[in-house]
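Reviewing the structure listed below.
The values are calculated or read from the model by the stated rules, or taken from the named source; none is laboratory data. Everything numeric here is computed off the predicted structure, so don't read it as measured data. Heads up, the Cβs are rebuilt from the backbone with ideal geometry, glycines too, and the neighbour counts pull from every protein chain shown. The accessibility values were calculated without ligands, DNA or RNA, using every heavy atom of the protein model including side chains. Shrake-Rupley method; radii C 1.70, N 1.55, O 1.52, S 1.80 Å.
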Amino acid sequence: MRSHITVVLSARPGKNRQPNADAKGTMYIISEQGSERATSDNGKIITFQGRTHVTWQDVTREGYFNRVNTFDHATSEWKDPVTLNVGVDNHARSVLAVDPDGILHAILGGHATEVQWCHTLSPNETSSWTDPVPVGVGTYPALFGGPDGTLYLAMRGQGPERHDRGLDLYHRPPGGSWSSPLRLVTLAEEYGQAYAGFNTQMDVSPGGALHATVDFYEGEDEAGRGLHQASCYVHSPDGGITWKRANGTGVTLPARPEDLDILARTTRSRHELLPPAEIYGVGMVVDSMEHPFAFYMDHGVGPGHCVMVTPGKDGQLIGTPISHYWEHAYPDMRATECRTTIREDDSICLLVTLTPFDDEWHDGKPTRFMSMRERRDIRMVWLLSEDRGASFHVQPFLEPGRSYNVPSLERTRGANVVPADRLPAVVYFDGSRAYPGGGDYYDETVTVAEMLASGGFRTNNVILDGLTPSNPYGDEATWFRAVPQRLHDHPSMAWVPEDSELPSVLLLGDSISMSYTLGVRNLLRGTAQVFRAPDNCRSTRQTVECLELWLANQDWTVIHINCGIHDITLMNDELVADATGRCQIPADHYRANLTRIFGRLDETKAQIIWATTTPVGDHVPIRKNTDIDAYNVIADELISGRKVQVDDLHTAVKSHETSLWSDGVHFTEEGAELLARQAAEAVRLALP
C-alpha cells in the first residue's frame, strides 16, 4: 500500500489547520463535513501558475455548501476555505475553470433549478468572488474553457413539460455574457415520463474544436429505468457553431443517437428498478496534435469492459478494448468506475476503480447497492499511456482498506494544464454515498431542509491526494517516474545520487541545456553536485507551469536557467511548426512568463544564472535570429536590477570561428563541450 502523510486541513468551515508535512505522498483531508456527493462531477481541481484550487460540497444542518480552497506550492500552505453558495440539495454542486488571465470561474449547479456563475476578482486568487448570477436552469453542469478564454457550459436542460429535456450548451466569450442555451441532444417523447440523464464528457482542443461523448439514459419498463442507453461521439470544429460526426457529416440539432456516431447502445430490460448506467462515457481528451480520444464502458459486453475510441484517417471510429490491462493485473476484480485526463506531455491517464467480482454483481452488471454502501474492499489503479494510446501500463494508486468514493481528477479546464512530471491530483471522499436517512434517494414526504435540520445525515472526509509530487531527485525510482518515457535513455537524464556534503546546482532548460548537462556535471565533479530538471523544459509556458515541481522544495545553491528556443519557434494556428507562422509564445507573453519565473526564483536562496538563448543557422526555416535577439533583449531588461548573473552562451556560439551546429539549432560534440565549459565556469563563479 502506498505510504501517505495525512494532514487534516479543515475540521470545520472557517477553521484552517495548516499542514506541516514533507511533500512526499501527502494526502490532505480538506474537509470533515463532505456531503454524500462531495466530489461528484469533473472540474473540481485546477492547478495554475504555482497554485492548486479545489472545490467540493459540504453538508450541515443548515444546508449543502459549495466551498473552494487554494494550496500555494511556493509556501506549501493552504488558504482559508471560502463558501461559494448554498445548494438546493446534493445535486447542486460546483465546478471550476480558469481563463488565460488567471481568473477562476465557478458554475454553481442546481437540480432542475437555477444554475449560477461567478468568478474571482483577482487572478489565481480564490479569497474574493463576484456575486453569483443566473445562467440557466438545469442539472449536472460541466464547465470547459477554450484557448481564447471562451467558456462552455453543458448541462441537462429542462422544458415546460417533463419530456422537454435534453443536453443544453451555453457559451460565454471573453468579457461577454452567457448565451441562450443550444439544445444539442433531446429526449425522445416516447421516453418522456421517465428519468433521463445525459452524461457528457467534453474537451476543447488547442485549436478551439469541441469533442464530446454524450450518453443517453432514458425510458423505463416494469423492470426498471434506463431502458434505452447509448454513448455517442460528436465534435464541433468551430467552437460549438456547427456539429459533425467523425467522418465530417453534419449533425442537425437537437440530435438523437442515430444522428451521431454511436459507440454502444442497448434497449434491454434492466435488472433492478434504479440500476446504474450499463453504457456510459468515462473520458474525452484531445492531445496537442488535435487528436481526440474517447473512452466508454459497456457492462453488457462484459463486466467492466472499457474501450478507447479514436478516429481513423477515413473518418471511421476505431475501438480498442483496454480493460484487459487491469484485469490481467487483478483477475478477481472488475472496473465499476473510470475517469480520464491528459497531461501536458500528451500522456493519457485513466483512474480506474476496481471492485471484487463476486455475487454482488447481477449477471455481470453492477448494482445500485454496490455503489451506495460504504465499502473498504475496492482499489484504485492508474492506466497510463505515454505513446498516445499505442500501449498502456497499470500503476497502483490506492489499496483496499479504506473507503474511496467518486474520485474527481485534475483536468485541463481552460488555461491550466496537468503537469507532465507527476500524476494528476485526485479528490474523493470516504464513508458512504447513501442519502440522508440511509436510503438511495431523498424521503419525499419531507423537504430537504427539514431532513438536514433533523440531523439525519452523515458527513464524510473530503480527501485531496497526489497534490504535491514526490521529490524527483530523492531516489532513482522516483526520478524515472518523473522523466518522460521518451527521455529515459538520454544521457542527461541519468539519476544522480544525492551528496549532502556538496553544494547543489540545478540546470533548467531545453534540449540545448540537455546537451551540456553531462559536461557541466563532469567539470564540477567534487566541487558541486549538478542536477537537472527531469524533462526538456521547453518554453516559458511549460516552465511556469512546472517550476514548482522542478524546484521540489530543495535548497539549491545555484540555479542555471534558459528559456527561448521553443518560445520563438514559428507555428501556425493549428500549433504546427510553420515557417509562415508566428512565435509560439508571443513577445508580451514571453515577458510575462519570465517575470513570473524570475519572481519565483527570487524567493529561493539560490544564486540565479540566466543563460542567453543561442543563435541558429540561417537555413533554419522555423526559427529566426531576429526573434532570438529580440527575446534576449526582453530577458536582459527583466534581469536588470535583480541579483541575476548572466551566462552569455549566445555570444560564445556566435563569436566562434567555425560552425558548432549539428542541424542549425542543436550542437556538435565540440559545440556541447564549449557550452559546458562556459556554463560550468559561470556556476563555479557563483558558488559561495
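Out of the residues in region 605-636 that are surrounded by fewer than 21 Cβ atoms within 10 Å (Cβ to Cβ) and small (Gly, Ala, Ser), state the one that is farthest from His656 (Cα to Cα). Applying the filter and picking the extreme gives Ala630. Evaluating Tyr140 against the criteria (1) open to solvent by less than 40 Å² (accessible area, probe 1.4 Å); (2) in contact (Cβ under 8 Å) with a residue 40 or more places away in the chain leaves one unmet condition, (1). Scanning region 539-595 for residues that are among the aliphatic types (A, V, I, L, M), under 21 Å from Val520 (Cβ atoms) and modelled with pLDDT under 95 gives Leu547, Leu551, Ala552. Within the bounds of region 73-86, is there any residue that is in contact (Cβ under 8 Å) with a residue 60 or more places away in the chain and within 20 Å of Leu153 (Cα to Cα)? No, the conditions are met nowhere in region 73-86. Scanning region 218-247 for residues that are charged (D, E, K, R), open to solvent by 10 Å² or more (accessible area, probe 1.4 Å), in contact with a strand residue (DSSP E or B) (Cβ under 7 Å, 6 or more places away or on another chain) and in a strand (DSSP E or B) yields Glu220, Asp221, Lys244. Somewhere in region 346-356, is a residue of a type in the set (Val, Ile, Thr), surrounded by 20 or more Cβ atoms within 10 Å (Cβ to Cβ), more than 29 Å from Ser35 (Cβ to Cβ) and in contact (Cβ under 8 Å) with a residue 24 or more places away in the chain? Looking through region 346-356, at least one residue is of a type in the set (Val, Ile, Thr), surrounded by 20 or more Cβ atoms within 10 Å (Cβ to Cβ), more than 29 Å from Ser35 (Cβ to Cβ) and in contact (Cβ under 8 Å) with a residue 24 or more places away in the chain.
For (1) of a type in the set (S, T, N, Q); (2) within 26 Å of Ser76 (Cβ to Cβ), each residue gets a yes or a no:
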residue	(1), (2)
Val544	no, yes
Gly564	no, no
Glu574	no, no
Ala579	no, no
Cys583	no, no
Tyr590	no, no
Leu594	no, yes
Phe598	no, yes
Thr604	yes, yes
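Screening Val653, Val646 for residues that are assigned to a strand (DSSP E or B) and either among the aliphatic types (A, V, I, L, M) or buried (at least 18 other Cβ atoms within 10 Å of the Cβ) (or both) leaves exactly one candidate, Val646.
In this structure, Thr336 does not satisfy being of a type in the set (Ser, Thr, Tyr), modelled with pLDDT of 95 or more and touching an Asp or Glu at 6+ places or on another chain (Cβ under 9 Å). Within region 103-133, the set of residues being of a type in the set (A, V, I, L, M) and touching a Leu at 6+ places or on another chain (Cβ under 8 Å) comprises Leu104, Ala106, Ile107, Leu108, Val115. Taking region 393-422 as the range and being farther than 19 Å from Asp203 by Cα, touching a residue at least 60 places away in the same chain (Cβ under 8 Å) and out of contact with any Asp or Glu (no Cβ under 9 Å at 6 or more places or on another chain) as the test, the residues that pass are Val394, Pro396, Glu399, Arg422. Just to be sure I understand, how many residues within region 250-268 are open to solvent by 70 Å² or more (accessible area, probe 1.4 Å) and hydroxyl-bearing (Ser, Thr, Tyr)? So the count comes out to 2.
Under 7 Å by Cβ, and 6 or more places apart or on different chains, what pairs join a residue from region 114-132 that is touching a residue at least 60 places away in the same chain (Cβ under 8 Å) with one that is surrounded by fewer than 16 Cβ atoms within 10 Å (Cβ to Cβ) and of a type in the set (D, E, K, R)? Once the first residue is touching a residue at least 60 places away in the same chain (Cβ under 8 Å) and sits in region 114-132, no partner that is surrounded by fewer than 16 Cβ atoms within 10 Å (Cβ to Cβ) and of a type in the set (D, E, K, R) comes close enough.
The residues of region 140-190 that are more than 16 Å from Ala255 (Cβ to Cβ), among the basic types (Lys, Arg) and either modelled with pLDDT of 95 or more or assigned to a strand (DSSP E or B) (or both) amount to a single one, Arg172. Reported count of residues in region 61-79, each being open to solvent by 20 Å² or more (accessible area, probe 1.4 Å), modelled with pLDDT of 90 or more and of a type in the set (Ser, Thr, Tyr), is 0. For the condition in a loop (DSSP other than H, G, I, E, B), of a type outside the set (Val, Ile, Thr), farther than 18 Å from Glu548 by Cα and touching a His at 6+ places or on another chain (Cβ under 8 Å), Pro615 qualifies.
Rundown of residues vs (1) under 26 Å from the mean Cα position of the chain (by Cα); (2) at pLDDT below 95; (3) at positive phi; (4) not hydroxyl-bearing (Ser, Thr, Tyr), yes/no style:
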position: Gly431; (1), (2), (3), (4): yes, yes, yes, yes
position: Thr459; (1), (2), (3), (4): no, yes, no, no
position: Phe480; (1), (2), (3), (4): yes, yes, no, yes
position: Asp510; (1), (2), (3), (4): yes, no, no, yes
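Restricting to region 199-217, name every residue that is open to solvent by less than 20 Å² (accessible area, probe 1.4 Å) and either of a type in the set (Ser, Thr, Tyr) or in contact with an Asp or Glu (Cβ under 6 Å, 6 or more places away or on another chain) (or both). Listed by number, the residues that qualify are Thr200, Ser205, His211, Thr213. Residue check: Ala112 meets all listed conditions (1) on the phi > 0 side of the Ramachandran plot; (2) out of contact with any Phe, Trp or Tyr (no Cβ under 7 Å at 6 or more places or on another chain); (3) open to solvent by less than 10 Å² (accessible area, probe 1.4 Å) but one, namely (3).
Give me the pairs, please: first residue somewhere in region 312-330 and at positive phi, second residue anywhere and modelled with pLDDT of 95 or more and in a loop (DSSP other than H, G, I, E, B), beta-carbon distance under 7 Å, and either six or more positions apart or on two chains. If the second residue must be modelled with pLDDT of 95 or more and in a loop (DSSP other than H, G, I, E, B), the pairs left are Gly315/Ala246; Gly315/Asn247; Gly315/Gly248. Please go through region 593-604 and give me each residue that is open to solvent by 40 Å² or more (accessible area, probe 1.4 Å) and either of a type in the set (S, T, N, Q) or part of a helix (DSSP H, G or I) (or both), ordered by number. Passing the criteria: Thr595, Arg596, Asp602. Can you spot a residue in region 397-410 that is open to solvent by 20 Å² or more (accessible area, probe 1.4 Å) and either hydroxyl-bearing (Ser, Thr, Tyr) or not in a loop (DSSP other than H, G, I, E, B) (or both)? No: zero hits.
Would you confirm, using the coordinates I've provided, whether Gln584 is surrounded by 17 or more Cβ atoms within 10 Å (Cβ to Cβ) and under 26 Å from the mean Cα position of the chain (by Cα)? So Gln584 fits the description; yes.
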